[in-house]
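Student: Take a look at this one; I'll ask things after.
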Amino acid sequence: MNQNLIKSLISSIALLIISFTANSQTSSNNGMTFTSTPTLLSGSALQVGAKYKFTNVYPGTSAVVTIVSATGGATVGILDDNNLTKPEAFSPMINVPANSNGLVEFKIEFYQGNANQNTRRTIDTVRVTAMDIDGNALLHEVDALDMGAGSVISYQANTLEIDVVRTGNEYKATNIGGVEYPAVDTSAKQVMFTLMNTHINTFTYKVGANNLDVVSIGRQKGNYFKGFDYTQILPLKYISFDAVVANKTVILHWITAEEINTSHFEIEYSTNGNSFSKIGTVLSNISNNSKNEYSFQDNSAIAQDNKVAYYRLKQFDKDGKFSYSKIIVVRLKNEANVEMQVSPNPFTERLMVRFNSNDKANVEIRIVNLAGQIAATKILTANKGFNNMQIDGLSVLPSGTYIANFIINGKVIANQKIVK
């Protein structure tokens, strides 16, 4: 073989290697972000079968997200809501009906360049962290990831707040702690897990909840593209934690075991199950590793004329570390029903929202566009009886179909399709 032919073959092989590397491979995905506005490629917005494109999730890489399936009546309220979570995460809001175990499955695929769906991009190392798999006494979130054979999982192994089960290549985490954590971030490691695999160009993400409440609930989720080191939690076990109402007083009672170096408990109270405040402190009476019994009386909850009270315990170790108990719900009186109507539909410049409430309530109306982004929002405190809310400034919105999310006291109770 002559030298010119050998040189030609070497050059061709080198070009082929360079082309293959540029077109199909990228390095570790540390820093991958889903901050671009998603574009609807096909299907009906927020419905099963819809495909969305996220550009520039990584240099030279775009992603296509497909809503593959939905079970238990679960729906996608917002495709990527960054208000309460890390903006770089993929953050869908999922609606789960009352008394239902609902899941929505997403498929995430990586493509070269502008996601023309012709050239897949294989990523050397993919780390995905499912965050904030929390809940409360009436709801337990569920997150599942499937990144194919060879996946490696990491999480806070001795936590009692999530139960992780592997089925084939899928890892599913179900909240069992019943503790609600604020926002959606990486500070609560006891309610998140990380899955890692190499040389992949697609994975699936299932998310939803087991909702035992009497109303539909919307849950903000977060899928963060980084890995984390997980540490151990405090050596304490709750045998029981419950409450009773007697003589206009809520009496809390809990029993622990395996306490080591416990300092004290802070009792936290909430009217909505999300925002908690400290109402008291109980010192540890630990003398050995046997069972220890505690109680606390709250005289303020019923006096505030609330229908429901939420409680949790914040247990402190002597070195300042702390962990939370599950959340318990105490029914003080029957909850009120709220009925709503939106008009006109179609609308042009403004919307009128009329509703009748049996009690005071925190109300938020979100107008969501077909890309799954919030186009307008209105927040107010509703009074007992008839309420009339007006949302102005909608003339700037493009013509098309939108979805109105009705959120009462932090819970999504209904969705209505509206047209401009």
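The values are calculated or read from the model by the stated rules, or taken from the named source; none is laboratory data. In this text, all values refer to a predicted model and were calculated from it rather than measured experimentally. Don't worry about glycine lacking a Cβ; one is built from the backbone with ideal geometry, like all the others, and counts go over all protein chains shown. Just so you know, the surface numbers come from the protein's heavy atoms only, side chains and all, with ligands and any DNA or RNA stripped out. Shrake-Rupley method; radii C 1.70, N 1.55, O 1.52, S 1.80 Å.
Student: Sticking with the crude label model, points 7 Å out along Cα→Cβ, report the distance from Asn99 to Thr37 in nm, one decimal please.
Tutor: Simple spin-label model gives 4.2 nm for this pair.
Student: Straight-line reach from Lys420: which aspartates and glutamates have Cα under 14 Å away, leaving out those fewer than 8 places along the same chain?
Tutor: Glu349, Asp392
Student: What FRET efficiency, computed as 1/(1 + (r/R0)^6) with R0 = 22 Å and r the Cβ-Cβ distance, is obtained for His264 and Ser187, rounded to the nearest 0.05? Could the numbers behind the result be given before it?
Tutor: On the way: r = 22 Å, r/R0 = 0.98.
So the FRET efficiency works out to roughly 0.55.
Student: Too long at a 29 Å Cα-Cα cut-off: which of Lys248/Lys314; Lys86/Lys237; Lys86/Lys321?
Tutor: Numbers: Lys248/Lys314 24 Å; Lys86/Lys237 32 Å; Lys86/Lys321 25 Å.
Beyond 29 Å: Lys86/Lys237.
Student: What does the highest-first list of 96-107, 43-54 look like by mean Cβ count within 10 Å?
Tutor: Values: 96-107: 19.3, 43-54: 17.8.
Highest mean packing first, the order is 96-107, 43-54.
Student: Further, regarding this structure: Can you order the peptides 394-400, 76-82 by their average number of other Cβ atoms within 10 Å per residue, highest first? The partial results should precede the final answer.
Tutor: Details: 394-400: 11.3, 76-82: 22.9.
Packing order, densest peptide first, comes out as 76-82, 394-400.
Student: How do the peptides 208-221, 179-192, 134-147 rank, highest first, by the average count of neighbouring beta carbon atoms within 10 Å per residue? Please report the intermediate quantities before stating the final value.
Tutor: Numbers: 208-221: 21.5, 179-192: 19.8, 134-147: 23.3.
Ranked by mean Cβ neighbours within 10 Å, highest first: 134-147, 208-221, 179-192.
Student: Share of segment 353-402's accessible area from carbon and sulfur, percent, 1.4 Å? Before the final figure, lay out the partial values.
Tutor: Working: 1190 of 2490 Å².
C and S atoms contribute 48 percent here.
Student: Mean projection of the alpha-carbon convex hull of segment 167-254 over all orientations, in nm²? Intermediate values should be presented prior to the final figure.
Tutor: Details: hull surface 38.1 nm².
Its average projected convex-hull area is 9.5 nm².
Student: Given a cut-off of 31 Å, name the pairs among Lys172/Lys384; Lys189/Lys360; Lys51/Lys226 whose C-alpha atoms lie farther apart than that in the structure shown. Intermediate values should be presented prior to the final figure.
Tutor: On the way: Lys172/Lys384 42 Å; Lys189/Lys360 35 Å; Lys51/Lys226 24 Å.
Cα-Cα > 31 Å for Lys172/Lys384; Lys189/Lys360; rest within.
Student: Tell me, what is the per residue accessible area of segment 107-182 in Å², probe radius 1.4 Å?
Tutor: Numbers: 2780 Å² over 76 residues.
Spelled out: the 1.4 Å probe surface of segment 107-182, per residue, equals 37 Å².
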